[in-house]
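What follows is calculated from the coordinates using simple rules that are stated; it is not laboratory data. Please read these numbers as outputs of a predicted model, since none were measured by experiment. As a convention, Cβ positions derive from the backbone with ideal geometry for all residues, glycine included, and neighbour counts pool all protein chains shown.
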Amino acid sequence: YFVTPEQIDGSRIVLAGDDAHHITRVMRMEEDDVIIVSDGVSRVAEASIKSLSPGKVEAEAAAWLPIEGEPLWSVTVAQSLPKGDKMELVIQKGTEIGAAAFMPFESERMIVQYDGKKEAKRLERWGKIAKEAAEQAHRSRIPAIGAVASWKELVARIPSYDLALFCYEKEGGGRGLREAVSARRQSGEWGGEERNILLVVGPEGGFTEREAAEAEEAGAVVVGLGKRILRTETAAMVGLACLMYESGE
Ligand code: SAM
């Protein structure tokens, strides 16, 4: 369970709302049962339940330990906003696979009409999905989810990553993700083990040539994910899984 600083008082932890409901009603836990809590930033603890009711659970942490088990490579999935609830699927599955963050963005051939008025509600829902997926995957951190960025904002962020991969099906059987990673590894710019990587995935209608050229100019490496054309949500998961594999995790 993820807790905020307000829920922690030394070794004492208080859980309420959905978490308390989950512990008491779904997991049917009892006093002295142990839960794993994380502050979502730097530490985790095993905590034994001291008292419980459906609205409030109090637990005692044995010891706070530094976070471990998070992927070595910090991968941000930049996903052009897909239609329907596909973004939710990308967030849920991407969190399980190991994404560090999600950056939805607008692009030219995006099918969905982006409605900025629904932003707050949507971010709240996406945050809840990421939290639940992180808990189920036993992650120590909840991936961050940014507000929908414009194409220009996305391009401006490309240079801040150690490696930005621009997934473009027109690359076909050309340069693959593995090739791009190994080229960067051999370039001497790769340095230590921890990496910040951006994985850019286009909308249902694909990227335009102009977008591919702009991303490349900003420093992204254009890569193919194989000869088959994947649905936008599949491409994000495949790219992410390949990166986790390449990182050795
Ligand atoms: N029309 C389908 C849909 O509704 O999802 C497929 C759309 S595909 C054009 C969507 C995005 O997935 C592309 O912009 C690209 O980023 C990524 N993609 C899909 N297949 C790919 C491949 N073989 N190589 C690289 N990127 C791919």
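Below is a table of values for the structure above.
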item: Proximal charge balance of S150 [Cβ under 14 Å; K/R count +1, D/E count -1]; result: -4
item: Between helix 232-246 and the chain: long-axis angle, C-alpha atoms, 0 to 90°, nearest 10; result: 80
item: Full-stretch length increase - S187, K121 - with 0.36 nm per residue and alpha-carbon distance subtracted; result: 19.4 nm
item: Paramagnetic reach from K128 in the stretch 63-102 [backbone N under 17 Å; point 7 Å along Cα→Cβ]; result: 85-93
item: Length released on extending from T4 to Q113, taking residue separation times 0.36 nm less the Cα-Cα span; result: 35.8 nm
item: Neighbour-count ranking [beta-carbon atoms within 10 angstrom, fewest first] of L199, L72, L225, L89; result: L72, L89, L225, L199
item: Beta bridge orientation in the chain: antiparallel %, DSSP, nearest 5; result: 45
item: Hydrodynamic radius (Kirkwood) for the chain, which is based on Cα pairs only, to one decimal in Å; result: 19.5
item: C-alpha long axis of helix 177-186 to longest principal axis of the chain, angle in °; result: 90
item: Compactness of the stretch 10-140, expressed as Rg and Dmax over alpha-carbon positions, Å; result: 17.6, 55
item: Distance between the stretch 106-185 and the stretch 76-90 - C-alpha centres, whole angstrom; result: 8
item: For the chain, calculated [θ]222 nm from helices alone, where every DSSP H run of n ≥ 4 adds -39500 (n - 2.57); result: -9000 deg cm²/dmol
item: Residues T234, T4, T208, T95, sorted so that the one with the fewest Cβ neighbours within 10 Å comes first; result: T4, T208, T234, T95
item: Top positive-direction residue, dipole computed over the chain with Cβ charges, set L177, L89, G224; result: G224
item: Loop-exposed trypsin sites (Lys or Arg not before Pro) per DSSP, neighbour cap 16 Cβ within 10 angstrom, longest uninterrupted part of the chain; result: 110-174
item: Charge dipole (the chain, unit charges on Cβ, about Cα centre) - positive-most of V41, A99, T4; result: A99
item: In degrees, nearest ten, helix 119-136 long axis to first principal axis of the chain (Cα); result: 70
